[in-house]
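This report concerns only the one structure given below.
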Amino acid sequence: MENPTAFSPAKSAALAQNAPTNYPPLEQVTKPNLTTAELAYYSNMAEQTWRVKACYETFPDGMRPLRVCGKLAWPTAGAKRLLGVTA
């Protein structure tokens, strides 16, 4: 007797949320702004650290984020300069 495996959409969404995201190398990024998640990945710091830096305005020079509909958009040029990436 076969026992079918139940597959729920909620379980699928949870698995997709925990899947690692593949980001291109920072040298290849050409868009003007990075999301907080992308900046955290490239700088090897937690997303919340960058949110706190935006809140208290303790971000490095050239890294003032734009606030767009409650989200933070960090300048790519500032991130490249901060991390020593030449493009």
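We did not get these values from a lab; they are worked out from the coordinates using the rules stated. This is a predicted model, so every value here is computed, not measured. Ideal geometry is used to build each Cβ from the backbone, glycine not excepted, and the neighbour counts take in all protein chains shown.
For region 24-36, filtering for residues that are farther than 15 Å from Lys53 by Cβ and assigned to a loop (DSSP other than H, G, I, E, B) leaves 6. The residues of region 55-79 include none that are exposed (fewer than 10 other Cβ atoms within 10 Å of the Cβ) and under 10 Å from Leu34 (Cβ atoms). Scanning region 37-74 for residues being part of a strand (DSSP E or B) and either farther than 18 Å from Pro25 by Cβ or of a type in the set (A, V, I, L, M) (or both) gives a total of 6. Is it the case, given these coordinates, that Leu82 is outside any loop (DSSP other than H, G, I, E, B) and either loosely packed, with under 15 Cβ neighbours inside 10 Å or in contact with a Phe, Trp or Tyr (Cβ under 8 Å, 6 or more places away or on another chain) (or both)? So Leu82 fails the test.
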